[in-house]
Amino acid sequence: MTKIELVLTNAAGLHARPAAQFVQKASSYASKVTLLAGTKTADAKSILAIMGLGLGQGTKIELTADGPDETACLAGLQALVESNFGEG
Amino acid sequence: MEQVLQGTGVVTGIGIATVKIVSTDLTGDLKKYGAGTAAEEAGKFADALQAAGAELVQLKEAALASGQQNQADIMDAHYAMINDPGLAANIQAKIEQGAAAPQAALAAAEEYAALFDSMEDAYMRERAADVRDIGGRLARLLVGSGQVEYGPEPVVLCAREIEPSLAASMPEDKVQGIILGLGSTTSHTVIIAKARSIPAVTGLGDAINHIAAGTTVIVDGYNGHVILDPTAEHLSDYRKKLEAEAVRKQQDSQMAALPAMTKNGKRVQLAANVGSPADMEAARKQGAEGVGLFRSEFLFLGREVPPNEEEQFAAYKAVAEQCEKQLCVVRTMDIGGDKPLRYLNISKEENPFLGWRAIRISLDRPELFMTQLKAILRAGAFGNVAIMLPMIISAAEIAAAKQAVEQAKAELIKEGKAFDAAMPVGIMIETPAAAVTARELAGVCDFFSIGTNDLVQYTLAVDRGNPAVSPLYSHFHPAVLRLIDGVVKAGHEQGIWVGMCGEMAGDPLAVPLLTAMGFDELSMSAPAIPRVKEVIRRFDDEQMEQVLKKALTLKDPGAIRGLMTEFVGQ
């Protein structure tokens, strides 16, 4: 099991489009991924659960991955978040 | 007995046929649905998930192909929702507890929607509609409804709303018109109807529920009338109109191939005003010679973050390529407090039209401006593109904008991206300040395009959206005509071309005056092009110069309009 902490710096936070990208990325790995924000957790492969958290800009999140490709999975998600989801 | 309903005409034209009801209400189908065992229902649900995913991929591709990145993003989000493991598990659980698959899908989606409904953020609350849409899509696929079967007879489609996937599959030869209960001029169904010239009336409200299938109906997309069971007299009137329309369409399409040229051979370039790459098909059909105004602000509206460089580049490139060798003028973002965008942080203004808007925002927000300029410059590598600056009032603004253009070029060189290093930079003349100082401004830019909608409003101090003063609004006011005439002269003296991209450019009554003033280019909404071209071809230069001279001596907008009505003939 591996963990990282990230801050959502893109303007929209995890709204529909970035959330869709995030979930797509998470789903491309075999590992189980969980997102923790404050006290609430969500399955990182569930867009409805992620959007249900209503995470805006500046939110701190913790990602936990558990599985055969957990390191690659977290690196991939980190890169996506840090690229601000390609927002211009 | 004849009944007339009043809606909003959103696609002009006349359609006469019998009503075909397109049901979006699943209640009846749900009642008829024969549920199987839990295992059978689970199997059907799995199939519906597959089919829904395939539909969404198709819709996304259609949106991308027409340059609608926003819509494509929404379809992407819907696709992720359809594949949501939580939603699927919820539906599965309901099926195991004995629910029929369609009800299970609707109920599960409703649970998530209720969660979004309760959120504080308005944007997130709106997402409830997305989840319900997903539930509805699954249920529709499960009960097998929603596909329209077309017989040999032509029909008018009647529904509260029509899903884009259904609209996309409408056969043009069968569908004579569309009438909708909901009111929107920008829905996908309306956009598709427009592209195919299918007359459409929206906003009929609940009246739509009382229309019986098979009723004879006339759809009048010009005035928004929907006539059910028309009298013999109305029917024959409208049949005549329909025939006249067919004749005019025929003439228009012949006109499209002819050049816009006076009897003496003087050419005026007739270009199209467009808002997205999707408008290019209509422009081509009407024989537009390039794009005189690409309203880039449409890319910025209705979203949470500004479009990035790649997204803008894709849209500009798509239009530039479709212009082939012709000019494609991209106007930089023209937005202000009347269309507030969250990411621009425009505070509420007393007078948005005299406030922080257009070039003023661009110069104050260099990161936004730089992204847009880079995207436009890059599109120049794929066509004949020009940059146009809106709302200019001084040479200093042009200098600042040009400096930004140079900086954008330097960045593109550093990034190793291809662009047009010699791209012309022109300005909109839409403030009295710019019109009066046109001579100075012409010395520091490459072209003028007169935006009459704002120029008339600012010159006459009339808000034409205000019914108390709107009768005072006229582009035939002598002050406006003299300003415009002066701008053309000033531009030509400095050796730059002068165009017009406001509504006046598409007014057949104004066209002889504009041609005589010496406009090099007129840009208008595509459907106006054939009529304007016909007027230009009808007269010689002498005739048009005479009428201009006479018009400039008249003191009253009404008298000038009267003169032109007589000259052009209505």
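The values are calculated or read from the model by the stated rules, or taken from the named source; none is laboratory data. These numbers come from a predicted model, not from an experiment. A quick note on method: Cβ atoms are made from the backbone with ideal geometry, for glycine too, and the neighbour counts reach across all protein chains shown.
Can you spot a residue in segment A:2-14 that is buried (at least 17 other Cβ atoms within 10 Å of the Cβ), among the polar types (S, T, N, Q) and facing another protein chain (nearest Cβ under 10 Å)?
yes
Which one is farthest from A:ALA42 (Cα to Cα), of the residues in segment A:63-88 that are among the polar types (S, T, N, Q) and crowded, with 16+ Cβ neighbours inside 10 Å?
The initial filter retains those residues of segment A:63-88 that are among the polar types (S, T, N, Q), namely A:64, A:71, A:78, A:83-84.
Now restrict to residues that are crowded, with 16+ Cβ neighbours inside 10 Å: A:64, A:84.
Values: A:THR64: 11, A:ASN84: 20 Å.
Looking at residues that are among the polar types (S, T, N, Q) and crowded, with 16+ Cβ neighbours inside 10 Å, I get A:ASN84.
Between B:ILE74, B:ILE82, B:ILE91, B:ILE21, which is away from chain A (no Cβ under 14 Å) and β-branched (Val, Ile, Thr)? Step through it out loud before you land on a result.
Values: B:ILE74 fails: away from chain A (no Cβ under 14 Å); B:ILE82 fails: away from chain A (no Cβ under 14 Å); B:ILE91 fails: away from chain A (no Cβ under 14 Å).
Going through B:ILE74, B:ILE82, B:ILE91, B:ILE21 in turn, just one is away from chain A (no Cβ under 14 Å) and β-branched (Val, Ile, Thr): B:ILE21.
Could you tell me whether any residue of segment B:332-349 is closer than 30 Å to B:GLU542 by Cα and outside the structural domain of B:ALA65 (by TED's automatic domain parsing)? Quick ask: steps written out before the conclusion?
From segment B:332-349, those closer than 30 Å to B:GLU542 by Cα are none; that's our starting set.
Among the residues of segment B:332-349, not one is closer than 30 Å to B:GLU542 by Cα and outside the structural domain of B:ALA65 (by TED's automatic domain parsing), which makes the answer no.
Among the residues of segment B:497-528 satisfying the criterion of being β-branched (Val, Ile, Thr) and either surrounded by fewer than 21 Cβ atoms within 10 Å (Cβ to Cβ) or farther than 16 Å from B:THR437 by Cβ (or both), which is nearest to the chain's Cα centre (by Cα)? Please lay out each step first, then the result.
So the first thing to find is which residues in segment B:497-528 are β-branched (Val, Ile, Thr), and the list is B:498, B:511, B:515.
Filter once more, keeping what is either surrounded by fewer than 21 Cβ atoms within 10 Å (Cβ to Cβ) or farther than 16 Å from B:THR437 by Cβ (or both): B:511, B:515.
Working: B:VAL511: 24, B:THR515: 27 Å.
So the residue we want is B:VAL511.
Looking at this structure, is B:ASP485 over 30 Å from B:LYS374 (Cα atoms), in contact (Cβ under 8 Å) with a residue 60 or more places away in the chain and not in a loop (DSSP other than H, G, I, E, B)? Steps first, answer last, please.
Numbers: over 30 Å from B:LYS374 (Cα atoms): yes; in contact (Cβ under 8 Å) with a residue 60 or more places away in the chain: yes; not in a loop (DSSP other than H, G, I, E, B): yes.
Taking the combined requirement at face value, the residue satisfies it.
Among the residues of segment A:32-75, write down those that are free of Cβ contacts under 8 Å to residues at least 12 places away in the same chain, more than 14 Å from every other protein chain (Cβ to nearest Cβ) and closer than 22 Å to B:MET119 by Cα.
A:GLY38, A:THR39
State all residues of segment B:267-313 that are closer than 24 Å to B:VAL190 by Cα, among the hydrophobic types (A, V, I, L, M, F, W, C) and within 14 Å of another protein chain (Cβ to nearest Cβ); if no residue qualifies, say none.
Of everything in segment B:267-313, those that are closer than 24 Å to B:VAL190 by Cα, among the hydrophobic types (A, V, I, L, M, F, W, C) and within 14 Å of another protein chain (Cβ to nearest Cβ) turn out to be B:LEU299, B:PHE300.
Among the candidates B:TYR123, B:TYR112, which residue alone is under 27 Å from the mean Cα position of the chain (by Cα) and assigned to a helix (DSSP H, G or I)? I'd like the intermediate steps shown before the answer.
Details: B:TYR112 fails: under 27 Å from the mean Cα position of the chain (by Cα).
Criteria check complete, one pass: B:TYR123.
If I go through segment B:101-114 residue by residue, how many of them are surrounded by fewer than 18 Cβ atoms within 10 Å (Cβ to Cβ) and within 12 Å of chain A (Cβ to nearest Cβ)? Step through it out loud before you land on a result.
Going residue by residue through segment B:101-114, those that are surrounded by fewer than 18 Cβ atoms within 10 Å (Cβ to Cβ) are B:107, B:110-111, B:114.
Retained after the next criterion (residues that are within 12 Å of chain A (Cβ to nearest Cβ)): B:111, B:114.
Result for segment B:101-114: 2.
Could you tell me whether B:ALA80 is part of a loop (DSSP other than H, G, I, E, B) and crowded, with 18+ Cβ neighbours inside 10 Å? Talk me through it step by step, then tell me what you get.
Numbers: part of a loop (DSSP other than H, G, I, E, B): no; crowded, with 18+ Cβ neighbours inside 10 Å: yes.
Answer is no for this residue.
Which members of segment B:254-288 meet the condition of being within 22 Å of the chain's Cα centre (by Cα), touching a residue at least 40 places away in the same chain (Cβ under 8 Å) and assigned to a helix (DSSP H, G or I)?
B:ALA256, B:PRO277, B:ALA278, B:ASP279, B:MET280, B:GLU281, B:ALA282, B:ALA283, B:LYS285
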